[in-house]
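Before any comments, here is the structure.
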Amino acid sequence: MMSNASTRGSKEYKERTDARRSPEQPESYVLRGGQAGAARLRLINRVKWPTTERLLGTAGLRAGMRVLDLGCGGGAVTLKMAALVGSEGEVVGIDLDPSILRLAQQEADGSKLPVTFRHMEAEELNEEASYDFAYARYLMSHLRHPERALESMVRALRPGGLLAVEDVFFPGHICYPPNAAFDRYLELYQAVVRAKGADPAIGPRLMGMALDAGLSDVQVELVVPTFREGEGKRVAQVTIEHIREALLGAELATSIEVDTIVADLQAFADDERTLMSIAPTFQVWGRKALA
Ligand SMILES: C[S@@+](CC[C@H](N)C(=O)[O-])C[C@H]1O[C@@H](n2cnc3c(N)ncnc32)[C@H](O)[C@@H]1O
(Lines give C-alpha, C1' and ligand atoms only; values in the text may rest on other atoms or scores of the structure.)
Protein backbone atom coordinates (compact mmCIF):
# COMPACT_ATOMS: atom_id res chain seq x y z
CA MET A 1 0.00 0.00 0.00
CA MET A 2 1.25 3.48 -0.77
CA SER A 3 0.50 6.06 1.91
CA ASN A 4 0.23 9.49 0.33
CA ALA A 5 -0.19 11.60 3.43
CA SER A 6 0.20 15.30 2.78
CA THR A 7 0.32 16.83 6.21
CA ARG A 8 1.58 20.00 7.83
CA GLY A 9 3.76 19.06 10.82
CA SER A 10 2.38 20.24 14.13
CA LYS A 11 5.79 20.90 15.69
CA GLU A 12 8.69 22.42 13.86
CA TYR A 13 12.01 20.59 13.92
CA LYS A 14 14.55 22.48 16.00
CA GLU A 15 18.13 21.45 16.47
CA ARG A 16 21.36 23.26 17.30
CA THR A 17 23.33 23.47 14.10
CA ASP A 18 26.65 23.04 15.91
CA ALA A 19 25.77 19.46 16.85
CA ARG A 20 28.55 16.97 16.14
CA ARG A 21 29.13 13.26 16.67
CA SER A 22 29.49 12.47 20.36
CA PRO A 23 32.74 10.77 21.45
CA GLU A 24 30.64 7.85 22.76
CA GLN A 25 29.06 7.26 19.40
CA PRO A 26 29.74 3.87 17.76
CA GLU A 27 32.00 4.13 14.68
CA SER A 28 29.86 1.60 12.81
CA TYR A 29 26.86 3.97 12.75
CA VAL A 30 26.78 6.74 10.12
CA LEU A 31 24.28 9.14 11.69
CA ARG A 32 24.80 11.49 14.62
CA GLY A 33 23.82 10.02 17.98
CA GLY A 34 23.17 11.64 21.35
CA GLN A 35 21.00 14.76 21.67
CA ALA A 36 21.09 15.68 17.97
CA GLY A 37 20.37 12.10 16.90
CA ALA A 38 17.44 11.90 19.32
CA ALA A 39 15.97 15.15 17.90
CA ARG A 40 16.16 13.74 14.36
CA LEU A 41 14.56 10.47 15.47
CA ARG A 42 11.71 12.40 17.11
CA LEU A 43 11.17 14.24 13.81
CA ILE A 44 11.15 10.92 11.93
CA ASN A 45 8.73 9.45 14.42
CA ARG A 46 6.29 12.34 14.08
CA VAL A 47 6.28 11.77 10.33
CA LYS A 48 6.38 7.96 10.41
CA TRP A 49 4.23 7.11 13.45
CA PRO A 50 0.88 6.64 11.63
CA THR A 51 2.26 3.80 9.51
CA THR A 52 4.25 2.31 12.41
CA GLU A 53 1.16 2.34 14.65
CA ARG A 54 -0.78 0.52 11.95
CA LEU A 55 2.00 -2.08 11.60
CA LEU A 56 2.13 -2.72 15.35
CA GLY A 57 -1.64 -3.25 15.52
CA THR A 58 -1.77 -5.47 12.42
CA ALA A 59 1.20 -7.53 13.59
CA GLY A 60 -0.62 -8.22 16.88
CA LEU A 61 0.81 -5.95 19.58
CA ARG A 62 -1.59 -6.16 22.52
CA ALA A 63 -1.93 -5.04 26.14
CA GLY A 64 -0.01 -7.18 28.63
CA MET A 65 2.74 -8.27 26.21
CA ARG A 66 6.47 -8.33 26.99
CA VAL A 67 8.11 -6.48 24.10
CA LEU A 68 11.64 -6.03 22.73
CA ASP A 69 12.56 -2.87 20.73
CA LEU A 70 15.99 -3.57 19.20
CA GLY A 71 17.95 -0.49 18.09
CA CYS A 72 15.48 1.68 19.99
CA GLY A 73 17.39 4.98 19.63
CA GLY A 74 15.81 7.75 21.71
CA GLY A 75 12.87 5.51 22.56
CA ALA A 76 10.24 7.27 20.45
CA VAL A 77 8.57 3.98 19.48
CA THR A 78 9.59 2.20 22.70
CA LEU A 79 7.52 4.61 24.80
CA LYS A 80 4.55 4.42 22.42
CA MET A 81 4.66 0.62 22.67
CA ALA A 82 4.91 0.83 26.46
CA ALA A 83 1.71 2.89 26.49
CA LEU A 84 0.04 0.29 24.25
CA VAL A 85 1.02 -2.76 26.37
CA GLY A 86 0.02 -0.92 29.56
CA SER A 87 0.92 -1.63 33.17
CA GLU A 88 0.48 -5.40 32.77
CA GLY A 89 3.09 -5.43 30.02
CA GLU A 90 6.72 -4.38 29.68
CA VAL A 91 8.98 -3.01 26.92
CA VAL A 92 12.77 -3.43 26.80
CA GLY A 93 14.66 -1.02 24.52
CA ILE A 94 18.20 -1.95 23.41
CA ASP A 95 20.72 0.29 21.64
CA LEU A 96 24.44 0.58 21.00
CA ASP A 97 24.62 4.34 21.73
CA PRO A 98 24.86 5.05 25.50
CA SER A 99 24.18 8.78 25.10
CA ILE A 100 20.91 8.27 23.23
CA LEU A 101 19.87 5.66 25.80
CA ARG A 102 20.34 8.21 28.61
CA LEU A 103 17.94 10.56 26.82
CA ALA A 104 15.47 7.72 26.29
CA GLN A 105 15.70 6.89 29.99
CA GLN A 106 15.06 10.55 30.94
CA GLU A 107 11.88 10.54 28.83
CA ALA A 108 10.80 7.27 30.43
CA ASP A 109 11.50 8.54 33.97
CA GLY A 110 8.90 11.25 33.57
CA SER A 111 6.32 8.92 32.08
CA LYS A 112 5.93 6.05 34.62
CA LEU A 113 5.57 3.71 31.64
CA PRO A 114 6.72 0.06 31.96
CA VAL A 115 9.96 0.43 30.04
CA THR A 116 13.64 -0.33 30.63
CA PHE A 117 16.65 0.45 28.44
CA ARG A 118 19.80 -1.62 27.96
CA HIS A 119 23.09 -0.81 26.31
CA MET A 120 23.98 -3.66 23.97
CA GLU A 121 25.11 -4.53 20.45
CA ALA A 122 22.12 -5.91 18.50
CA GLU A 123 24.08 -8.83 17.11
CA GLU A 124 25.01 -9.86 20.67
CA LEU A 125 21.44 -10.25 21.88
CA ASN A 126 21.44 -13.62 23.61
CA GLU A 127 18.07 -14.15 25.23
CA GLU A 128 15.80 -17.12 24.73
CA ALA A 129 12.02 -17.32 24.79
CA SER A 130 11.67 -14.06 26.76
CA TYR A 131 9.34 -11.86 24.67
CA ASP A 132 5.84 -11.98 23.19
CA PHE A 133 6.65 -9.37 20.54
CA ALA A 134 9.99 -8.31 19.03
CA TYR A 135 10.33 -5.15 16.95
CA ALA A 136 13.07 -3.21 15.11
CA ARG A 137 12.71 -0.04 13.02
CA TYR A 138 15.51 1.35 10.85
CA LEU A 139 18.12 -0.87 12.53
CA MET A 140 18.75 -3.69 10.03
CA SER A 141 19.93 -1.24 7.32
CA HIS A 142 22.81 -0.21 9.64
CA LEU A 143 24.09 -3.68 10.45
CA ARG A 144 26.85 -5.69 8.76
CA HIS A 145 25.12 -8.92 9.75
CA PRO A 146 21.40 -8.16 9.87
CA GLU A 147 20.49 -11.85 9.48
CA ARG A 148 22.22 -12.59 12.80
CA ALA A 149 20.28 -9.83 14.54
CA LEU A 150 16.98 -11.05 13.11
CA GLU A 151 17.74 -14.63 14.12
CA SER A 152 18.54 -13.49 17.66
CA MET A 153 15.24 -11.57 17.78
CA VAL A 154 13.40 -14.76 16.80
CA ARG A 155 15.35 -16.76 19.39
CA ALA A 156 14.34 -14.19 22.00
CA LEU A 157 10.65 -14.76 21.21
CA ARG A 158 8.51 -17.21 23.13
CA PRO A 159 6.91 -20.00 21.04
CA GLY A 160 4.02 -18.37 19.17
CA GLY A 161 5.58 -14.93 19.67
CA LEU A 162 5.32 -12.17 17.06
CA LEU A 163 8.01 -10.28 15.15
CA ALA A 164 7.71 -7.00 13.23
CA VAL A 165 10.57 -5.24 11.45
CA GLU A 166 10.53 -2.23 9.20
CA ASP A 167 13.37 -0.78 7.20
CA VAL A 168 14.32 1.32 4.24
CA PHE A 169 14.64 0.86 0.49
CA PHE A 170 16.64 4.04 -0.03
CA PRO A 171 16.81 4.00 -3.85
CA GLY A 172 13.00 4.11 -4.07
CA HIS A 173 12.40 7.65 -2.74
CA ILE A 174 9.84 9.82 -4.54
CA CYS A 175 10.96 13.32 -5.51
CA TYR A 176 8.96 15.36 -8.00
CA PRO A 177 10.00 17.14 -10.08
CA PRO A 178 13.47 15.59 -10.28
CA ASN A 179 16.05 17.52 -8.27
CA ALA A 180 19.84 17.27 -8.46
CA ALA A 181 20.38 17.92 -4.74
CA PHE A 182 17.88 15.21 -3.80
CA ASP A 183 19.57 12.73 -6.19
CA ARG A 184 22.96 13.55 -4.70
CA TYR A 185 21.58 13.11 -1.16
CA LEU A 186 20.34 9.61 -2.07
CA GLU A 187 23.67 8.78 -3.69
CA LEU A 188 25.75 9.99 -0.73
CA TYR A 189 23.59 8.36 1.95
CA GLN A 190 23.78 5.00 0.20
CA ALA A 191 27.53 5.31 -0.40
CA VAL A 192 28.34 6.08 3.23
CA VAL A 193 26.13 3.27 4.59
CA ARG A 194 27.63 0.80 2.09
CA ALA A 195 31.13 1.95 3.10
CA LYS A 196 30.32 0.66 6.61
CA GLY A 197 29.34 -2.72 5.19
CA ALA A 198 25.59 -2.22 5.64
CA ASP A 199 22.69 -2.15 3.14
CA PRO A 200 20.56 1.00 2.62
CA ALA A 201 18.34 -1.00 0.22
CA ILE A 202 17.62 -3.80 2.69
CA GLY A 203 13.81 -3.37 2.66
CA PRO A 204 12.90 -6.05 0.09
CA ARG A 205 15.38 -8.50 1.69
CA LEU A 206 13.54 -8.51 5.02
CA MET A 207 10.83 -10.96 3.96
CA GLY A 208 13.37 -13.63 2.93
CA MET A 209 15.31 -13.04 6.14
CA ALA A 210 12.14 -13.60 8.18
CA LEU A 211 11.38 -16.82 6.28
CA ASP A 212 14.97 -18.04 6.70
CA ALA A 213 14.73 -17.35 10.44
CA GLY A 214 11.83 -19.82 10.57
CA LEU A 215 8.85 -17.47 10.95
CA SER A 216 5.44 -18.47 9.64
CA ASP A 217 2.50 -16.33 8.42
CA VAL A 218 5.05 -13.84 7.08
CA GLN A 219 3.44 -10.76 5.55
CA VAL A 220 4.81 -7.65 3.87
CA GLU A 221 3.74 -4.08 3.24
CA LEU A 222 5.47 -1.13 1.58
CA VAL A 223 4.79 2.38 2.86
CA VAL A 224 6.03 5.57 1.17
CA PRO A 225 4.81 8.59 3.16
CA THR A 226 4.97 11.45 0.66
CA PHE A 227 4.59 15.14 1.40
CA ARG A 228 3.75 18.43 -0.25
CA GLU A 229 4.43 20.44 2.92
CA GLY A 230 5.30 20.15 6.60
CA GLU A 231 7.97 18.26 8.50
CA GLY A 232 8.03 15.29 6.11
CA LYS A 233 9.83 17.54 3.64
CA ARG A 234 12.58 18.37 6.17
CA VAL A 235 13.79 14.79 6.66
CA ALA A 236 16.15 14.80 3.65
CA GLN A 237 17.99 18.00 4.62
CA VAL A 238 18.21 16.95 8.29
CA THR A 239 19.51 13.51 7.33
CA ILE A 240 22.27 14.78 5.03
CA GLU A 241 23.33 17.17 7.80
CA HIS A 242 23.45 14.21 10.21
CA ILE A 243 25.76 12.16 7.98
CA ARG A 244 28.10 15.12 7.39
CA GLU A 245 30.91 13.79 9.63
CA ALA A 246 30.64 10.27 8.18
CA LEU A 247 30.77 11.70 4.63
CA LEU A 248 33.82 13.80 5.40
CA GLY A 249 35.48 10.86 7.20
CA ALA A 250 34.95 8.62 4.17
CA GLU A 251 36.02 11.44 1.83
CA LEU A 252 32.78 11.09 -0.11
CA ALA A 253 31.93 14.82 0.02
CA THR A 254 33.31 18.13 1.24
CA SER A 255 31.66 20.28 3.88
CA ILE A 256 30.96 22.91 1.21
CA GLU A 257 29.09 20.36 -0.90
CA VAL A 258 27.02 19.27 2.10
CA ASP A 259 26.17 22.95 2.82
CA THR A 260 25.05 23.39 -0.79
CA ILE A 261 22.88 20.25 -0.73
CA VAL A 262 21.23 21.32 2.56
CA ALA A 263 20.45 24.79 1.13
CA ASP A 264 19.13 23.36 -2.16
CA LEU A 265 16.96 20.78 -0.36
CA GLN A 266 15.54 23.52 1.86
CA ALA A 267 14.62 25.66 -1.17
CA PHE A 268 13.09 22.65 -2.92
CA ALA A 269 11.08 21.70 0.19
CA ASP A 270 9.81 25.29 0.61
CA ASP A 271 8.13 25.10 -2.81
CA GLU A 272 4.61 23.76 -2.26
CA ARG A 273 4.48 22.52 -5.87
CA THR A 274 7.17 19.90 -5.12
CA LEU A 275 6.70 16.41 -3.64
CA MET A 276 9.14 14.48 -1.45
CA SER A 277 8.81 11.13 0.28
CA ILE A 278 10.74 9.90 3.25
CA ALA A 279 12.59 6.61 2.73
CA PRO A 280 10.25 3.93 1.35
CA THR A 281 9.86 1.45 4.18
CA PHE A 282 9.22 -2.30 3.94
CA GLN A 283 7.26 -3.66 6.89
CA VAL A 284 7.49 -7.40 7.53
CA TRP A 285 5.79 -9.35 10.26
CA GLY A 286 5.23 -12.99 11.22
CA ARG A 287 4.95 -15.55 13.98
CA LYS A 288 7.34 -17.97 15.64
CA ALA A 289 6.18 -21.60 15.60
CA LEU A 290 4.47 -22.84 18.75
CA ALA A 291 6.82 -25.73 19.41
C1 LIG B 1 17.89 5.09 12.61
S2 LIG B 1 17.99 4.81 14.32
C3 LIG B 1 16.37 4.14 14.66
C4 LIG B 1 15.97 4.25 16.11
C5 LIG B 1 14.56 3.76 16.45
N6 LIG B 1 14.38 2.37 16.14
C7 LIG B 1 13.52 4.60 15.74
O8 LIG B 1 12.96 4.14 14.76
O9 LIG B 1 13.29 5.76 16.17
C10 LIG B 1 19.02 3.40 14.45
C11 LIG B 1 19.45 3.10 15.87
O12 LIG B 1 20.16 1.86 15.86
C13 LIG B 1 21.27 1.97 16.73
N14 LIG B 1 22.26 0.99 16.30
C15 LIG B 1 23.05 1.05 15.20
N16 LIG B 1 23.82 -0.05 15.14
C17 LIG B 1 23.48 -0.81 16.22
C18 LIG B 1 23.93 -2.07 16.69
N19 LIG B 1 24.87 -2.76 16.07
N20 LIG B 1 23.38 -2.56 17.85
C21 LIG B 1 22.41 -1.84 18.50
N22 LIG B 1 21.95 -0.65 18.08
C23 LIG B 1 22.49 -0.14 16.96
C24 LIG B 1 21.73 3.39 16.62
O25 LIG B 1 22.47 3.79 17.75
C26 LIG B 1 20.40 4.13 16.48
O27 LIG B 1 19.92 4.55 17.72
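Key figures
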item	result
Looking only at the stretch 104-137, and only at residues there that are within 13 Å of the ligand (Cβ to nearest atom) and either of a type in the set (F, W, Y) or crowded, with 22+ Cβ neighbours inside 10 Å (or both), the one that is farthest from A279 (Cα to Cα)	F117
Residues of the stretch 86-97 satisfying the condition of being more than 6 Å from the ligand (Cβ to nearest atom), open to solvent by less than 30 Å² (accessible area, probe 1.4 Å) and within 17 Å of L125 (Cβ to Cβ)	V91, V92, G93, I94
Subset of the stretch 27-36 that is within 10 Å of the ligand (Cβ to nearest atom) and open to solvent by 30 Å² or more (accessible area, probe 1.4 Å) - its residue that is nearest to V284 (Cα to Cα)	Y29
Cβ-Cβ under 7 Å pairs, at least 6 apart or on other chains, the stretch 269-291 side free of Cβ contacts under 8 Å to residues at least 40 places away in the same chain and under 18 Å from D183 (Cβ atoms), far side surrounded by 18 or more Cβ atoms within 10 Å (Cβ to Cβ) and polar (S, T, N, Q)	A269/Q237
Within the stretch 145-176, considering residues that are within 15 Å of A201 (Cβ to Cβ) and not β-branched (V, I, T), the one surrounded by the fewest Cβ atoms within 10 Å (Cβ to Cβ)	P171
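One line per residue, one yes/no per condition, for (1) open to solvent by 10 Å² or more (accessible area, probe 1.4 Å); (2) within 16 Å of the ligand (Cβ to nearest atom); (3) modelled with pLDDT of 90 or more; (4) under 14 Å from the mean Cα position of the chain (by Cα):
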position: Q25; (1), (2), (3), (4): yes, yes, no, no
position: A38; (1), (2), (3), (4): no, yes, no, yes
position: K48; (1), (2), (3), (4): no, yes, yes, yes
position: T52; (1), (2), (3), (4): no, yes, yes, yes
position: M65; (1), (2), (3), (4): yes, no, yes, no
position: D69; (1), (2), (3), (4): no, yes, yes, yes
position: A76; (1), (2), (3), (4): yes, yes, yes, yes
position: L79; (1), (2), (3), (4): yes, yes, yes, no
position: L84; (1), (2), (3), (4): yes, yes, yes, no
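The values are calculated or read from the model by the stated rules, or taken from the named source; none is laboratory data. Since the structure is predicted, the reported quantities are computational estimates derived from the model, not experimental observations. Every residue, glycine among them, receives a Cβ derived from its backbone with ideal geometry; neighbour counts consider all protein chains shown. We work out accessible area using only protein heavy atoms, side chains counted, and drop any ligands, DNA or RNA first. Shrake-Rupley method; radii C 1.70, N 1.55, O 1.52, S 1.80 Å.
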